[in-house]
Amino acid sequence: MHLIGQAHQVCFKDYMELLFAGTPLVIVDNTNMQRWEMENYKFLAEQLGYQWSTKSLISKDTTIAEIQEAAARGKSPEATWRQAMNWEE
């Protein structure tokens with residue numbers, strides 16, 4: 001399995017533990033970009049009575065300046081652009 005896949009597994013495991021522990025607010029900082037990638041998170045939250053919402057820091061409206069800012073933090077402009085083009089509301 002690739003490192004990104006392992007990171008996603010760890011993230012979801014931690015998320016489940018927090019929800020089952022009854023943590024009142026759980027924020028997931030992840031690279032999920034398409035709706036299907038978030039479905040397990042949403043399903044589990046709703047089953048356990050949590051309200052669900054998403055907030056993206058990137059979208060199809062991401063500007064060149066924002067891509068350059070991400071690149072300045074070490075993220076490749078190509079990766080940022082790919083994520084923006086794959087984002088689903």
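A few notes on this one:
- In order through region 36-51: 3J(HN,Hα) via Karplus (6.51 cos²θ - 1.76 cosθ + 1.60), integer Hz, x for Gly, Pro: 4, 6, 9, 4, 5, 5, 5, 4, 5, 4, 5, 4, 9, x, 8, 7
- Across q = 0.12, 0.31 Å⁻¹, region 1-53 modelled as identical point scatterers on its alpha-carbon atoms has Debye log10 I(q)/I(0) values of -0.26, -1.42, in the order of the q list.
Readers should treat all values here as calculations from the given coordinates under stated rules, not as data from a laboratory. Only a predicted model underlies this, so the values are computations on that prediction, with no experimental measurement involved.
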